[in-house]
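Visitor: One structure coming up, written as structure tokens, with questions to follow.
The values are calculated or read from the model by the stated rules, or taken from the named source; none is laboratory data. All of these numbers come straight from a predicted model, not from anything done at the bench. Just the protein is used for accessible areas: all its heavy atoms, side chains included, with ligands, DNA and RNA removed. Shrake-Rupley method; radii C 1.70, N 1.55, O 1.52, S 1.80 Å.
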Amino acid sequence: MSNTPAYAASAAGKPLAPFSIERREPGPRDVVIDILYCGVCHSDIHQVRDEWGGAMFPMVPGHEIIGRVSKTGAEVTKLKVGDMAGVGCMVDACHACPSCERGQEQFCEKGSAPTYNGTEMDRKTPTFGGYSTRIVVPESFALAVPKNLDPAAAAPLLCAGITTYSPLRQYDCKKGDRVGVVGLGGLGHMAVKLAAAMGAEVTMLSTSRSKEADAGRLGARAFELTTDPATFEKLAGRLDLIIDTISAPHDYNKFLGLLRPGGTMVLVGAPPEPTPVAAFALIGGNKRLAGSLIGGIPETQAMLDFCGKHGIVSDVEVIPIQQINEAYERMMRNDVKYRFVIDIASLGQA
Ligand code: NAP
Ligand code: ZN
């Protein structure tokens, strides 16, 4: 299927511009999805700017994809033409290794195929993401999107949603738990909504006083400014779990001081530069510093079903693709409430 309109960066840090890609003809187990909406993740910015290293160009970003199935291969059973389907950060994996068998395809021993900035499992064919009008994926990597969710607002669930849902589940977030969410952006606002829906008492830890009212509306019980040293005295030893979504380097040690003994701080934000961690910030209180990478396909489906049940979607600002470079600049200034989502219909327009 040649001539699929897209937006691409031609080299590291270059602005995104119109581009044309080729999508494969669907095989027997593939579905073709006509993309309606694609969320804009901070990971798109890190990768377009090659901040994590090893970036492949031209790059068509986008891994928060929602669209309608327009064609199905002969062996497809789960989805049919016209269904709303989602694609997240992966488009394939080996399906056979212990990680894949556990439903943790993100840790596939052969290396899963990322939705963009990587290759298919043949390790040759480059993958291109959701800033494009259609995508072809194996049915097993297409998620069923609950019918009651608005598709534009549901798109960010495919990355921001699963990336925050997974650590909340891994560390058994439940009613009455005191959960701190650090950074109120795309991931942060989903963490607040999801933790609140699980019954946690959420404290928002932010550098932006202007976001205080929003944090309360999203479900946080408390809001504390991390630019104020008094916050770290007031909350010392109080939190059971911290989900850290900050995209830039910052001092983890200060936040570890907010955990109760045995508490866990999970890094999901992925600043490119390393940050020193003091042994005593962990030893004093048997604390754990953990990381978490997106989530596997079964857990992503469970997250979507949870969001369907609780009516949870992202707070979005829908933009035409022609505004994508400006949207990146606004995200760098923390000026987004709370996720940009591209209306892919704009790709067909001049
Ligand atoms: P985002 O929408 O840009 O939000 C990041 C938030 O972090 C900002 O809104 C801001 O919140 C805070 N922040 C930004 N710069 C800061 C600084 N210098 N100091 C302190 N706080 C700062 O980004 P996102 O899309 O949520 O992504 C966040 C991070 O998660 C990125 O690094 C992304 O690559 C990573 N990520 C990881 C995974 C994974 O699997 N682990 C998946 C997706 C994304 P306040 O204004 O409230 O302070
Ligand atoms: Zn993402």
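Visitor: In percent, what relative contact order does segment 212-350 have, based on Cα pairs under 8 Å that are 6 or more apart in sequence?
Guide: Value for segment 212-350: 16 percent.
Visitor: Would you mind classifying segment 161-291 by shape? Square roots of the alpha carbon gyration tensor eigenvalues, ordered a ≥ b ≥ c; an a/c under 1.5 is rounded, otherwise it is prolate if a/b is larger than b/c and oblate if not.
Guide: Values: a/c = 1.32, a/b = 1.21, b/c = 1.09.
Rounded.
Visitor: Using Cα centres only, tell me the gap between segment 68-91 and segment 181-227 in whole Å.
Guide: 34
Visitor: List the pairs from 193/287; 175/309; 287/337; 78/174; 287/309 whose alpha-carbon separation is above 27 Å, in the order I gave them.
Guide: Values: 193/287 25 Å; 175/309 17 Å; 287/337 33 Å; 78/174 32 Å; 287/309 33 Å.
Cα-Cα > 27 Å for 287/337; 78/174; 287/309; rest within.
Visitor: Still on this structure, please answer the following. Given a 1.4 angstrom probe, I'd like the percentage of the accessible area of the chain that is carbon and sulfur, rounded to a whole number. Walk me through the intermediate numbers first.
Guide: Details: 7550 of 14480 Å².
For the chain, the apolar C and S fraction of the accessible surface comes to 52 percent.
Visitor: To the nearest 10 degrees, how steep is helix 160-170 against the longest Cα principal axis of the chain, on a 0 to 90 scale?
Guide: Tilt relative to the chain: about 50 degrees.
Visitor: Further question: Could you run the Karplus curve 6.51 cos²θ - 1.76 cosθ + 1.60 with θ = phi - 60° over segment 151-156 and give me ³J(HN,Hα) per residue in whole Hz, x for Gly and Pro?
Guide: With the stated coefficients, segment 151-156 comes to x, 5, 6, 7, 3, x Hz.
Visitor: So what is the relative contact order for segment 161-291, in percent, with contacts set as C-alpha pairs under 8 Å and at least six apart?
Guide: After rounding, I find 22 percent.
Visitor: I would also like to ask the following. May I ask you to give the solvent-accessible area per residue for segment 200-286, in square angstrom, as obtained with a 1.4 angstrom probe?
Guide: For segment 200-286, the per-residue accessible area is 47 Å².
Visitor: Helix 186-197 versus the longest principal axis of the chain: what is the Cα-based angle in degrees, 0 to 90, to the nearest 10?
Guide: Orientation of helix 186-197: about 70 degrees from the principal axis.
Visitor: Could you work out the relative contact order of the chain, using alpha carbon pairs under 8 angstrom and six or more residues apart, expressed as a whole percent?
Guide: Over the chain, the number comes to 18 percent.
Visitor: In sequence order, what are the phi-derived ³J(HN,Hα) couplings for segment 220-235 according to the Karplus relation 6.51 cos²θ - 1.76 cosθ + 1.60 with θ = phi - 60°, rounded to whole Hz, with x for glycine and proline?
Guide: 6, 7, 9, 9, 10, 7, 7, 7, 9, x, 4, 4, 6, 7, 4, 9
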